[in-house]
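Remarks on the structure that follows.
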Amino acid sequence: MSKGVSTSADKNIVDKSRSHRNTAVSKAVRTTRERLQAGPSNASGFDKELLGLHVDTMLQGAIAMPLFIILVTAVGVYLSQKLDLVAWGVTALCVNAIGVLLARRAKATDIPADKVNYWRRRFLFVQIVLGFCWAAFILQDCDTCGESDFGFYKAAALLIALAATAMSTFLLRNALLFTFVPVVVALGALTLKTGNPGYLALTIIVATLLIFLVFMTNRMHRGNVHILSVQAEKDDLIAELEVAKSMSDEARRRAEEANMAKSRFLASMSHELRTPLNAILGFSEVMSTEVLGPLNNPIYKEYTGDIHRSGQHLLDLINEILDLSRIEAGKYDLNEEAIHLVEITEDCIGMVQLRARTKNISITEQFEYGMPSVWVDEKAMRQVILNLLSNAVKFTPSGGEISVKVGWTAGGGQYLSIKDNGPGIPEDEIPVVLSAFGQGSIAIKSAEQGTGLGLPIVQAILAKHNGDFILRSKLREGTEAIAILPSKRVLQSIPAIEDAPAVERRRKSFA
């Protein structure tokens with residue numbers, strides 16, 4: 001048998017071949033949740049993102065460092081009145097240009113995860129070369145200018161370069177340390193060579209500042225890692241929400257398909273079941289009444305009566321199921337008209353009066369006459385009243401009493417109350433009784449078991465009329481069912497308009 005996707009044009013048939021979708025979606029949810037729970041334990045999980053941010057920072061500040069190098073070179077040439085620093089400046093500019101070109105190439109390349117460390121080492125190598133350039137700058141000397149002036153110039157340029165490098169390379173781990181370790185080494189060597197206390201002080205200041213900036217850049221680096229981690233968690237949560245939404249959509253689609261299949265089944269089976277049931281009811285009634293002649297065996301007559309009652313019970317069950325399914329599907333259209341609630345209540349009491357007399361049950365009426373009509377579906381309201389009366393007669397013991405009231409509500413609506421003195425319903429079973437096919441323990445033990453659809457149909461019909469249904473019951477005290485129609489369903493009569501005196505017609509004058 002083929003297991004492929006159904007090619008039927010009937011879209012109401014549930015396609016079981018789509019069950020694999022939920023498996024993939026569930027796997028994706030589990031993977032995302034595990035990633036959320038585990039999370040990146042260190043910065044290695046974001047090396048690629050950090051490298052990309054470093055590249056963006058280099059490209060955005062590509063003009064800053066060359067301008068600073070040109071300014072340092074120009075001031076040095078002005079102080080020394082020599083062109084020795086020009087060669088240093090050109091070399092430093094070339095190294096910086098190599099770093100910018102490398103950043104542009106990295107920006108244009110989709111760096112795979114296994115090549116991130118390779119590109120990081122390339123950027124670190126450029127920073128090390130730039131560090132040697134700054135070390136060469138420290139070793140520059142000037143015989144013609146003052147020692148203190150040129151030393152102050154070199155110290156100021158070096159400190160500014162240290163701060164600028166720290167701000168531009170904090171996303172690249174250890175870049176600042178690799179850049180200025182050669183500078184510190186050069187300062188130490190220069191201090192040992194010259195014995196100048198100024199160089200010793202500068203070495204201590206630069207080394208201390210380097211340690212402090214390395215600490216601060218590491219903190220900034222961890223802060224960016226945390227930001228990226230939060231961003232990744234947010235993206236994962238969004239992805240999980242999208243996956244959950246897809247699962248929900250898939251479940252809703254399946255529920256809709258199952259509901260449509262149920263509706264099709266009920267619509268087709270209602271005709272298929274009603275046609276043979278009508279034949280069974282008709283022929284069994286003909287046989288039980290002996291229209292075509294007496295039955296020789298009296299047991300057969302009893303059987304035909306049982307067949308007729310069973311068929312009628314099954315037909316009532318089918319009708320109730322169809323009514324409830326139409327209401328749930330929103331296809332229960334109301335044919336509204338103006339009726340008097342008291343009148344249809346009296347008619348329904350007359351219909352169940354025979355059954356009540358058989359059980360010696362008295363029905364008392366307490367109606368408020370003169371109430372205006374209500375705008376409802378007469379057939380639906382009759383079904384509501386008959387269902388409530390039938391339940392009261394069914395569960396009221398012989399010799400009991402049923403009280404029926406019709407009157408005004410405090411909000412200007414109208415209500416119908418049917419109260420019996422039967423065994424009652426436990427309070428914890430009332431939600432069960434109001435659910436479809438739900439039956440209380442008293443109903444299950446009773447000989448007259450129903451379908452459990454009467455009260456849900458009553459509740460649904462009243463909801464279609466914007467009304468309410470209240471069920472009150474206590475054990476051994478009886479049950480009261482109250483159907484309430486809102487005030488907007490009540491048609492208030494408008495008083496007749498008094499005849500107004502005729503307005504005298506004004507004559508037109510033509511001058």
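Only one residue in 166, 136 is in a helix (DSSP H, G or I), in contact (Cβ under 8 Å) with a residue 24 or more places away in the chain and crowded, with 21+ Cβ neighbours inside 10 Å. Which one?
Values: 136 fails: crowded, with 21+ Cβ neighbours inside 10 Å.
Unique residue meeting the criteria: 166.
Is at least one residue of region 416-424 among the acidic types (Asp, Glu), modelled with pLDDT of 80 or more and over 13 Å from residue 395 (Cβ atoms)? Explain how you work it out, then say what you get.
Within region 416-424, the first condition is being among the acidic types (Asp, Glu), and the residues that meet it are 420.
Of the ones still in play, those that are also modelled with pLDDT of 80 or more are 420.
Subsequent filtering for residues that are over 13 Å from residue 395 (Cβ atoms) retains none.
No: region 416-424 contains no residue that is among the acidic types (Asp, Glu), modelled with pLDDT of 80 or more and over 13 Å from residue 395 (Cβ atoms).
Note on region 340-357: among residues that are touching a helix residue (DSSP H, G or I) at 6+ places or on another chain (Cβ under 9 Å) and open to solvent by 20 Å² or more (accessible area, probe 1.4 Å), the one that is nearest to residue 485 (Cα to Cα) is 347.
Are any of the residues in region 272-279 over 30 Å from residue 162 (Cα atoms), open to solvent by 80 Å² or more (accessible area, probe 1.4 Å) and of a type in the set (Val, Ile, Thr)?
Step one: of region 272-279, the residues over 30 Å from residue 162 (Cα atoms) are 272-279.
Then keep just the ones that are open to solvent by 80 Å² or more (accessible area, probe 1.4 Å); that gives 272, 274, 278.
Narrowing the set further to residues that are of a type in the set (Val, Ile, Thr) leaves none.
Looking through region 272-279, none of the residues is over 30 Å from residue 162 (Cα atoms), open to solvent by 80 Å² or more (accessible area, probe 1.4 Å) and of a type in the set (Val, Ile, Thr).
Note on region 374-408: residues that are hydroxyl-bearing (Ser, Thr, Tyr), touching a strand residue (DSSP E or B) at 6+ places or on another chain (Cβ under 8 Å) and at pLDDT below 90 amount to 1. When region 230-243 is filtered for residues that are loosely packed, with under 14 Cβ neighbours inside 10 Å and more than 20 Å from residue 46 (Cα to Cα), the ones remaining, listed by number, are 241, 242.
Look at region 348-372: where a residue is more than 12 Å from residue 402 (Cβ to Cβ) and a partner is open to solvent by 100 Å² or more (accessible area, probe 1.4 Å), sitting 6+ places away or on another chain with Cβ atoms under 7 Å, you get 372/492; 372/493. Applying a threshold of 6 Å to beta carbon distances and a minimum spacing of six or more residues, or different chains, the list of pairs starting in region 76-87 at a residue that is without any contact (Cβ under 8 Å) to a residue 60 or more places away in the chain and ending at one that is β-branched (Val, Ile, Thr) reads 85/73; 85/77.
Out of 447, 460, report the one residue that is modelled with pLDDT under 85 and aliphatic (A, V, I, L, M). Steps first, answer last, please.
Details: 460 fails: modelled with pLDDT under 85.
Step by step, each of 447, 460 is checked, and only 447 is modelled with pLDDT under 85 and aliphatic (A, V, I, L, M).
Note on region 186-208: residues that are touching a helix residue (DSSP H, G or I) at 6+ places or on another chain (Cβ under 7 Å), at pLDDT 85 or above and surrounded by fewer than 17 Cβ atoms within 10 Å (Cβ to Cβ) total 3. Inclusion of residue 398 among residues that are polar (S, T, N, Q), out of contact with any Asp or Glu (no Cβ under 9 Å at 6 or more places or on another chain) and open to solvent by 20 Å² or more (accessible area, probe 1.4 Å) is warranted.
Restrict the check to region 306-323 and report whether at least one residue is of a type in the set (Lys, Arg) and either farther than 20 Å from residue 460 by Cβ or part of a helix (DSSP H, G or I) (or both). Don't jump to the end; show me each part of the working.
First pass over region 306-323, keeping only residues of a type in the set (Lys, Arg): 309.
From what is left, the residues that are either farther than 20 Å from residue 460 by Cβ or part of a helix (DSSP H, G or I) (or both) are 309.
Yes: one or more hits.
Contact map, region 217-232: first residue within 13 Å of residue 171 (Cβ to Cβ), second residue of a type in the set (Phe, Trp, Tyr) and surrounded by 12 or more Cβ atoms within 10 Å (Cβ to Cβ), Cβ cut-off under 7 Å, separation 6 or more or different chains; pairs are 217/170; 220/170; 221/170; 225/46; 228/46.
The values are calculated or read from the model by the stated rules, or taken from the named source; none is laboratory data. Model, not experiment: these values are computed from the prediction. Using ideal geometry, Cβ is built from the backbone for each residue, glycine included, and neighbour counts are taken over all protein chains shown. Protein only, heavy atoms only, side chains kept; ligands, DNA and RNA dropped before computing areas. Shrake-Rupley method; radii C 1.70, N 1.55, O 1.52, S 1.80 Å.
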